[in-house]
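Written below as structure tokens is the structure these notes are about.
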Amino acid sequence: MLENIIIGLFVIVTGACIGSFLNVVALRAISGESIVFPSSKCPLCNEPIKWYDNIPVISYFLTFKGKCRNCGGKVSVQYPIIEALSAVIFLAVFLAFGFSIKSLLLLILLCISIVITITDVKNGYIYEVHSWILIITAIITSLFINGLNNYSISAIGLIAGVLVMESVARLSYYLVKKNSENNETQNELNEYITKNKRAFGEGDTYLAAAAGALLGWKYLIVAVGFAIILQAVCILPQFIKGLYIKKEYKLLASLSLFIVLALIYCILSNIFELNLYVVFGFMIALIFFATDTIIRLKNTVNEGGFVAIPFGPALLCSMFLVFFFGSYIVSLIKNIFLS
């Protein structure tokens, strides 16, 4: 018992320390600095941080409640959050798989995903070096789990991830281009779209390739769909807030109606055995309401009411959820839509 507690504490401390390093990797990728030199420093005044102020999680709360000893500037809460999250992830993986190669591969995937999430959220950019590490580790993990003879699962999944995301980026180009041309404040976006002929960057394609390599093409489809749902859940509060700020009460009512209709459908589908054509027609109506509302929202809510949320973190989160709970998610979807 005591031995297990000691091992658990060791894993937690190791995870927290690596989480501290992940913060450095992500933030210095954004700043263009080396991850080795210089040593840890205050992001505000560049004063080197003493070792006793660099203890993961603990130092943040002991050092004047997250303030630099030298300049008194507020240090981002991101640091202890990532450190604590990494500690929890390391412990969870260890409890599930112990000290094994599978644990090592999963931890590498999770760590590089944390780095990608940080850079994507803070800078809206996914660095190629991080993406390639993710893809290569995903391929190795897939081969280790499925066996070398089943390499086609990883290969086909990787290709499917690239094709799916690139198709969406290229096809969506025409819709986004038309919308961005009407918004003179998005000059940078207009320039990128015109130059690259795509609605969003290549970073999401890299992530989809990694997800496909890890999950295979069938579960990749589930992961992408689930990621869209996660993204919608994150964006919805901003949409509602933007409508309220702009006093667009008619649009707010339209969005509320869509949500109510969706809830009614979910309730009725679990109570009654609905005819397939009725369900299909109802879903078409829901799609129409959703599309109409979202398009009008994006044309109405400007920089004061809506902030774009990157898709990468949602896709990464969905990738791991499907990896660990894929069969349960598929079963849930079947029960909702096919029961």
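The values are calculated or read from the model by the stated rules, or taken from the named source; none is laboratory data. Just so we're clear, the structure is a prediction, and the values are computed from it rather than from any experiment. In this analysis, Cβ positions are derived from the backbone assuming ideal geometry, glycine residues included, and neighbour counts consider all displayed protein chains.
Of the residues Leu85, Leu104, only one is touching a helix residue (DSSP H, G or I) at 6+ places or on another chain (Cβ under 8 Å) and either farther than 20 Å from Ile58 by Cβ or among the hydrophobic types (A, V, I, L, M, F, W, C) (or both); which?
On the way: Leu104 fails: touching a helix residue (DSSP H, G or I) at 6+ places or on another chain (Cβ under 8 Å).
None of the other options fit; the residue is Leu85.
Taking the condition under 23 Å from Thr14 (Cβ atoms), in contact with a helix residue (DSSP H, G or I) (Cβ under 9 Å, 6 or more places away or on another chain) and in contact (Cβ under 8 Å) with a residue 60 or more places away in the chain, does Ile112 pass? Steps first, answer last, please.
On the way: under 23 Å from Thr14 (Cβ atoms): yes; in contact with a helix residue (DSSP H, G or I) (Cβ under 9 Å, 6 or more places away or on another chain): yes; in contact (Cβ under 8 Å) with a residue 60 or more places away in the chain: no.
Here the answer is no, as Ile112 does not meet what is asked.
Would you point out which residue out of Lys50, Lys67, Lys74 is touching a Gly at 6+ places or on another chain (Cβ under 7 Å), of a type in the set (D, E, K, R) and exposed (fewer than 15 other Cβ atoms within 10 Å of the Cβ)?
On the way: Lys50 fails: touching a Gly at 6+ places or on another chain (Cβ under 7 Å); Lys67 fails: exposed (fewer than 15 other Cβ atoms within 10 Å of the Cβ).
Step by step, each of Lys50, Lys67, Lys74 is checked, and only Lys74 is touching a Gly at 6+ places or on another chain (Cβ under 7 Å), of a type in the set (D, E, K, R) and exposed (fewer than 15 other Cβ atoms within 10 Å of the Cβ).
Kindly indicate whether any position in the stretch 170-180 is within 21 Å of Ile133 (Cβ to Cβ), modelled with pLDDT of 75 or more and of a type outside the set (Ser, Thr, Tyr).
There is no residue in the stretch 170-180 that is within 21 Å of Ile133 (Cβ to Cβ), modelled with pLDDT of 75 or more and of a type outside the set (Ser, Thr, Tyr).
Before we move on, is Gly32 over 19 Å from Thr119 (Cα atoms) and modelled with pLDDT of 80 or more?
no
Can you confirm whether Gly15 is within 29 Å of Tyr127 (Cα to Cα) and in contact with an Asp or Glu (Cβ under 9 Å, 6 or more places away or on another chain)? Step through it out loud before you land on a result.
Values: within 29 Å of Tyr127 (Cα to Cα): yes; in contact with an Asp or Glu (Cβ under 9 Å, 6 or more places away or on another chain): yes.
It is true that Gly15 is within 29 Å of Tyr127 (Cα to Cα) and in contact with an Asp or Glu (Cβ under 9 Å, 6 or more places away or on another chain).
Condition (residue is closer than 24 Å to Leu109 by Cα and either among the hydroxyl-bearing types (Ser, Thr, Tyr) or touching a residue at least 24 places away in the same chain (Cβ under 8 Å) (or both)) applied to the stretch 40-59: is it met by at least one residue?
Going residue by residue through the stretch 40-59, those that are closer than 24 Å to Leu109 by Cα are 56-57.
Remaining after also requiring either among the hydroxyl-bearing types (Ser, Thr, Tyr) or touching a residue at least 24 places away in the same chain (Cβ under 8 Å) (or both): 56-57.
Yes, the conditions are met somewhere in the stretch 40-59.
Based on what the data block shows, is Ile35 surrounded by fewer than 17 Cβ atoms within 10 Å (Cβ to Cβ), of a type in the set (Val, Ile, Thr) and touching a helix residue (DSSP H, G or I) at 6+ places or on another chain (Cβ under 7 Å)? Quick ask: steps written out before the conclusion?
Working: surrounded by fewer than 17 Cβ atoms within 10 Å (Cβ to Cβ): yes; of a type in the set (Val, Ile, Thr): yes; touching a helix residue (DSSP H, G or I) at 6+ places or on another chain (Cβ under 7 Å): yes.
Answer is yes for this residue.
Within the stretch 81-98, is there a residue that is at pLDDT 85 or above, over 24 Å from Lys122 (Cα atoms) and assigned to a loop (DSSP other than H, G, I, E, B)?
Yes, the conditions are met somewhere in the stretch 81-98.
Output the number of the condition that Ser40 fails; it satisfies all remaining conditions of (1) more than 16 Å from Thr119 (Cβ to Cβ); (2) crowded, with 17+ Cβ neighbours inside 10 Å.
(2)
Determine whether the stretch 104-123 contains at least one residue that is of a type in the set (Lys, Arg), more than 23 Å from Gln231 (Cα to Cα) and part of a helix (DSSP H, G or I). Outline the logic, then answer.
Just the residues of the stretch 104-123 that are of a type in the set (Lys, Arg), to begin with: 122.
Retained after the next criterion (residues that are more than 23 Å from Gln231 (Cα to Cα)): none.
No - not one qualifying residue is present in the stretch 104-123.
How many residues does the stretch 113-164 hold that are surrounded by 19 or more Cβ atoms within 10 Å (Cβ to Cβ) and among the polar types (S, T, N, Q)?
The qualifying residues number 8.
How many residues does the stretch 18-32 contain that are surrounded by 13 or more Cβ atoms within 10 Å (Cβ to Cβ) and either among the hydroxyl-bearing types (Ser, Thr, Tyr) or without any contact (Cβ under 8 Å) to a residue 60 or more places away in the chain (or both)? Even if it seems obvious, please write down each step before you answer.
The first filter runs over the stretch 18-32 and keeps only residues surrounded by 13 or more Cβ atoms within 10 Å (Cβ to Cβ), leaving 18-30.
Checking which are either among the hydroxyl-bearing types (Ser, Thr, Tyr) or without any contact (Cβ under 8 Å) to a residue 60 or more places away in the chain (or both) leaves us with 20-21, 24, 28.
Count: 4.
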